[in-house]
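Heads up: the structure comes next, in structure tokens.
The values are calculated or read from the model by the stated rules, or taken from the named source; none is laboratory data. The structure presented is a predicted model; accordingly, all values stated were derived computationally and were not measured. All Cβ positions, glycine included, derive from the backbone under ideal geometry; neighbour counts span all protein chains shown.
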Amino acid sequence: MRRIIGITAALAVACSATLATAGPASTAARATLSPPECVKADNGTCLPIAPDEKRVDLDTPVFTNPLNVDNPLHPSAKVSQVIYGGHVGGKPFRTEFTLLSKPKVVRGVPCVALQYIAYSDGRIEEIAVDWFAQDDEGAVWYFGEDVSDFKDGVVHTHEGTWRAGRDGAPIAMIMPGNPKVGDVYRTENAPGIAFEEVTVLSVGETLKVSELHTDRKREIKVFKRGYGEYSTESTDRKDIEIASLAVPTDHREGKPDPAYMAAVKKTLRAVYGNDWGGASLGALRRAFTAVPGVPAVLQKQTEADIALLGKAVAKRKPRLAHQAALRLAQDELDLRLLHQSVPAVDRAKLGMWARQVTVDAADKNMGGVLGDIVVLGLIRDRVRHTLSTADAAFLDRGIRVLRKAAKAKDLAAVSRKGAALDHRF
């Protein structure tokens, strides 16, 4: 899977015991552990793992203030959200990595929780909740993740799910406190479930690593201050993900560009109403060009989506145009993150995904509808604590109705409730 971690079950027990008895920070003790003689690759051969003397994840960590995850190259507790874009498997790929409001205790250690959502070509592909804690030496450790992979809007596997202390799974280091060239550590270390070994290639304002997987292939990852994981690229360059923006790292004073927001609103209203002459794609392009300082990845994505919308409008194809309009709406919401908080933008995303439900229901795309409802629930989970009592109850009730209607394959009821949520949010 994407990320996992560990050393050994004995280390996880030692870590938990150290937390229970720790006072002031103490020097970590070297664990008397050895890696397995052979970590099996997917094809049954032994992986070319590093010897113990190169690994920096064999010390027993001490956790005095584990929730203060402020390692500059993996600031999990300090970054509210990172949005990634790219292409994987020949399709557009998007990731949202969001800090959740409630920590979780794993093996006796309080951990920050982050929600991971991955979309392939606009459809939900994977969700996970990851748990991280920082030790007294500044290293960040991974305590597990709950994973769900989706196909046609329905969970088809939880492969890759693990938690420290279960089935012998240990915690694992995801970022050293003071990384150096040549350092080796395992960001996943549960052979048979997940295994990855990282070697540091360069250190500076960014950290570049090579990550070995069980298919014997490697990925190149870059970590950047204020972002954490910044980019991931396969060695053949066919698959790449790169950060579009991070909150609050990329925060700017002021408000989102009003001219561009007005142009998007006018265009979307016309497209949703099949008013092809009123779509004003030329005005939209000019307004976007005038927006200052758009992050490069987001600029490229928005320009591509404006072009896609223009083609759909020119062909007078409602289904294609409505789907393209929703991609543009998502781009505009990403742009708002430069000026607005994650909860404020998430509230607007509830409306966008409710509109997506109605569009997919009109297309009789049941897999799309099911996935849209999942996403609405995930956004609800991260924003509910900021909603009014009335809005939270309306949203909870709406999602229940959508789930019931989708289960009954009542697309008319799905469309009605989606429209009601769209209007509310």
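Taken together, Asp346, Asp305 contain a single residue that is within 13 Å of Gly85 (Cβ to Cβ) and surrounded by 16 or more Cβ atoms within 10 Å (Cβ to Cβ), which is Asp305.
Kindly indicate whether any position in region 400-407 is over 25 Å from the mean Cα position of the chain (by Cα), free of Cβ contacts under 8 Å to residues at least 60 places away in the same chain, closer than 16 Å to Gly153 by Cα and in a loop (DSSP other than H, G, I, E, B). Within region 400-407, not a single residue is over 25 Å from the mean Cα position of the chain (by Cα), free of Cβ contacts under 8 Å to residues at least 60 places away in the same chain, closer than 16 Å to Gly153 by Cα and in a loop (DSSP other than H, G, I, E, B). Here Arg336 does not qualify as under 24 Å from Ser148 (Cβ atoms), surrounded by fewer than 22 Cβ atoms within 10 Å (Cβ to Cβ) and not small (Gly, Ala, Ser). Residues in region 319-331 that are at pLDDT below 95 and either crowded, with 17+ Cβ neighbours inside 10 Å or β-branched (Val, Ile, Thr) (or both): there are none. If you go through region 224-242 and keep only what is among the β-branched types (Val, Ile, Thr) and over 19 Å from Ala296 (Cβ atoms), you end up with just Thr235. Scanning region 140-180 for residues that are touching a strand residue (DSSP E or B) at 6+ places or on another chain (Cβ under 8 Å), among the polar types (S, T, N, Q) and closer than 28 Å to Ala77 by Cβ yields a count of 2. For region 246-267, a residue qualifies if it is crowded, with 20+ Cβ neighbours inside 10 Å and either hydroxyl-bearing (Ser, Thr, Tyr) or touching an Asp or Glu at 6+ places or on another chain (Cβ under 7 Å) (or both), and the qualifying residues are Tyr260, Val264, Thr267. Candidates are the residues of region 362-386 that are touching a Leu at 6+ places or on another chain (Cβ under 9 Å) and within 23 Å of Lys265 (Cβ to Cβ); the one that is surrounded by the most Cβ atoms within 10 Å (Cβ to Cβ) is Asp372.
Taking helices (runs of 4 or more DSSP H) that do not extend beyond region 243-338, which have at least 3 residues that are under 19 Å from the mean Cα position of the chain (by Cα)?
Values: elements: 258-272, 281-289, 296-314, 318-336.
Per the criteria, 296-314, 318-336.
The single condition among (1) outside any strand (DSSP E or B); (2) of a type outside the set (Ser, Thr, Tyr); (3) farther than 21 Å from Pro179 by Cβ that Val79 does not meet is (3).
Tell me, please, whether a residue that is in contact (Cβ under 8 Å) with a residue 12 or more places away in the chain and over 27 Å from Pro292 (Cα atoms) can be found in region 244-252. I'd like the intermediate steps shown before the answer.
Restricting attention to region 244-252, the residues satisfying the condition of being in contact (Cβ under 8 Å) with a residue 12 or more places away in the chain are 244-252.
Those still in the list that are over 27 Å from Pro292 (Cα atoms) too: none.
The answer is no, given that none of the residues of region 244-252 is in contact (Cβ under 8 Å) with a residue 12 or more places away in the chain and over 27 Å from Pro292 (Cα atoms).
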